[in-house]
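Colleague: Here you go, one structure.
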Amino acid sequence: MRPATLATLALVVGLGGAGGAAFAAARGQTPQDGRERGSGEGRHEVRIKAVAFNPTSLVVQLGDTVVWRNADIVRHNVVSGELFASAELSSGETFAWAPGDTGTVRYRCTIHPRMRGELTVRLP
Ligand SMILES: [Cu+2]
């Protein structure tokens, strides 16, 4: 993987920043949000369940790490063009990625083409 390109990918999870605040507000709760907000060192998890990425769209900050966790029985992977590609994840396995730049990153599971997700990476 090329660092310069990775920056653009940003994994989904974003509890920090305006997007994170909106996300938390929409859920009516802010667990751990206070600790992660503004730090730029947050860890976000995208759960893979029922052949879908949850959340489908996520906002993270540059410096954050996104972790995809396969909570399904079947295998999945996480691929974003030339930016990153996980191995096939068995149930319970995870894949982590840290964006190196701001921007929008679309990714999918190549095993199940209808599985798609998006990450928006913002400055802390
Ligand atoms: Cu899949």
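Colleague: Considering only the range 92-124, state which residues are hydroxyl-bearing (Ser, Thr, Tyr), open to solvent by 50 Å² or more (accessible area, probe 1.4 Å) and within 12 Å of the ligand (Cβ to nearest atom).
Modeller: Within the range 92-124, just 110 meets the criteria.
Colleague: Mind checking which residues of the range 59-74 are more than 10 Å from residue 41 (Cα to Cα), open to solvent by 30 Å² or more (accessible area, probe 1.4 Å) and either away from the ligand (no atom under 11 Å from the Cβ) or among the hydroxyl-bearing types (Ser, Thr, Tyr) (or both)?
Modeller: 69, 73 - these are the residues of the range 59-74 that are more than 10 Å from residue 41 (Cα to Cα), open to solvent by 30 Å² or more (accessible area, probe 1.4 Å) and either away from the ligand (no atom under 11 Å from the Cβ) or among the hydroxyl-bearing types (Ser, Thr, Tyr) (or both).
The values are calculated or read from the model by the stated rules, or taken from the named source; none is laboratory data. It should be emphasised that the depicted structure is a prediction, and the values quoted were computed from it without experimental measurement. Cβ: placed from backbone, ideal geometry, glycine included. Neighbour counts: every protein chain shown. Please note that ligands, DNA and RNA were not included when accessible areas were found on the heavy atoms of the full protein model with its side chains. Shrake-Rupley method; radii C 1.70, N 1.55, O 1.52, S 1.80 Å.
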